[in-house]
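Visitor: Pasting a structure here, questions to come.
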Amino acid sequence: MAFHKDHPLPGSRPGTLVIPEGSPPPKIHLVRYAADRVESVPVAHPDEIPAMLRSDEVTWVDVQGFGDEEVLRTLARIFGLSPLALEDAVNAPQRAKSEPYDGYQLVISRVPQLDDEGVIRTPQVCFVIGPRFLLTFQKDRLGLFEPVRERLRSGIGPIRESGPDYLAYALIDTMVDLYYPIVESLSQKLDDLEDDVLDEMSPGSLGEIHQLRRQLVILRRIGWPQREMVSALVRERSPFLSDTVRNYLRDTQDHMAQIAELIDSTRDLATGLSDVFVSNLGHRTNEIMKVLTLMASIFIPLTFLAGIYGMNFEYMPELRERWGYFLVLGVMVLVALGMVLYFRRRGWMGSPPGGRKPRRRPGS
């Protein structure tokens, strides 16, 4: 998948927004909650939001779609977002990162999604963590956060009793967990291809290996910055992240490190498997050429003898002999057998001299 970024024209002022072509109009979902209650409030226009904010509740505003710049700038004005922060949220994709601002913490997170055609998409989600609010910006409705919404509705765990930093952690951790099934799926495909390369060597195997390598490169391109982003949240002290949440993020950090290592090891395996395929293909070609060369070598002296006795000279020895025809055929057979025995003794035909072919160990 070629890299494409929505960026302003060269020389544009900082904070210029580039609305993606075909992006749907923003849909705003507001959820506010406390330890004993949770409420989902419909929002028709962002100007309604200030009246919905309460100091004793945590407010989560989820923005899906960037099709209206006026709505986005109104949201930025309500929550005091810098034009640079809004640019990072809208002009996707950005590198996964964490940046402190006055009054909030900005976090960019990337997640892989595998579509029906086997293409990996890498959408981003921008988190703005404030004292009592959390903003999330999504280019489209990604459907990533339904498990967290269910936890909020049912009150499972400490999510309602915690602040917006814990909610942000829960959402980021959900995105990190989505790496696992994709990486495991690619790893399983590579294991199946390994058996095919070692046994059958189907013509399409090399193309499938290159496709897997390309997908792994995409995962690595978004996975390593994601790992650095989570590490930065754990390492750097922010007034908008409590020590308790940083402890939870350490577990997410371990997951991201494991995923990054699995991506690298799978990519190395794909590279090695590609080399094995090319090597086996070259070896098979060499074996075919060897067989053809041996056959040609055997028939060269036979063709020589046939050529001699195919000349149309009247006074040629052995032509009038009664057993001449059978004698020449016998000589040809002896020459062919002698060459076959010689080739086998030199190890050029059949098994190598002095032993059998090594047996493959089970599971190797």
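The values are calculated or read from the model by the stated rules, or taken from the named source; none is laboratory data. Owing to the predicted nature of the structure, the values given are computational and were not obtained by experimental measurement. Neighbour counts are summed over all protein chains in view; Cβ atoms, including those assigned to glycine, are modelled from backbone coordinates with ideal geometry. These area figures cover heavy atoms from the full protein model, side chains too; ligands, DNA and RNA do not enter into them. Shrake-Rupley method; radii C 1.70, N 1.55, O 1.52, S 1.80 Å.
Visitor: Assign unit charges at the C-beta atoms only (+1 for Lys and Arg, -1 for Asp and Glu), then state the dipole size of the chain relative to its Cα centre in Debye, rounded to the nearest 20.
Guide: With only Lys, Arg, Asp and Glu charged at Cβ, the dipole is about 1480 debye.
Visitor: Can you tell me what the convex hull of the Cα atoms of the stretch 1-155 projects to on average, as an area in nm²?
Guide: Averaging across all directions leaves 10.3 nm² for the Cα convex hull.
Visitor: Could you please state how large a percent of the accessible area of the stretch 43-136 is carbon and sulfur, counting protein chains only and using a 1.4 Å probe?
Guide: 48 percent
Visitor: Sort Y169, Y325, Y101, Y33 by accessible area with a 1.4 Å probe, largest first.
Guide: Greatest to least solvent exposure: Y325, Y101, Y169, Y33.
Visitor: Counting only pairs 8 or more places apart or on different chains, how many lysine pairs in the chain have C-alpha atoms closer than 26 Å?
Guide: Eligible lysine pairs with Cα atoms under 26 Å apart amount to 7.
Visitor: Points 7 angstrom from Cα along the Cβ direction at D177 and R77: gap in nanometres?
Guide: Result for the modelled spin labels: 3.9 nm.
Visitor: Starting at the first residue of the stretch 249-264, write each ³J(HN,Hα) from the Karplus equation 6.51 cos²θ - 1.76 cosθ + 1.60 with θ = phi - 60°, in whole Hz, x for Gly and Pro.
Guide: For the stretch 249-264, the Karplus-derived couplings read 5, 4, 5, 4, 4, 4, 4, 5, 5, 5, 5, 4, 5, 5, 4, 5 Hz, x marking Gly and Pro.
Visitor: For all pairs of alpha-carbon atoms in the stretch 165-313, what percent lies in each bin of width 5 Å, listed from the first bin to the last filled one?
Guide: Here the calculated profile for the stretch 165-313 is 2, 8, 14, 12, 10, 8, 8, 7, 6, 5, 4, 3, 3, 2, 2, 2, 1, 1, 1, 1, 0, 0.
Visitor: Please work out the FRET efficiency for the pair F343 and E261, using the Cβ-Cβ distance as r and a Förster radius of 35 Å; give the result to the nearest 0.05.
Guide: Given R0 = 35 Å and the Cβ-Cβ separation, E is 0.10.
Visitor: For the chain, what are Rg and Dmax over the alpha carbons, in angstrom?
Guide: Reported Rg and Dmax, both Å: 35.0, 122.
Visitor: Rounded to the nearest 0.05, what FRET efficiency is calculated for D115 and E146 with R0 set to 22 Å and r the Cβ-Cβ distance?
Guide: 0.75
Visitor: Can you grab the distance from the C-alpha centre of the stretch 26-60 to the C-alpha centre of the stretch 293-314, Å, no decimals?
Guide: Taking the Cα centre of each part, the stretch 26-60 and the stretch 293-314 sit 95 Å apart.
Visitor: What full-extension length gain, to one decimal in nm, is calculated for E161 and R250 as 0.36 nm per residue of separation minus the Cα-Cα distance?
Guide: 30.0 nm
Visitor: Further question: Rounded to the nearest whole Å², what accessible area per residue is found for the chain with the 1.4 Å probe?
Guide: 57 Å²
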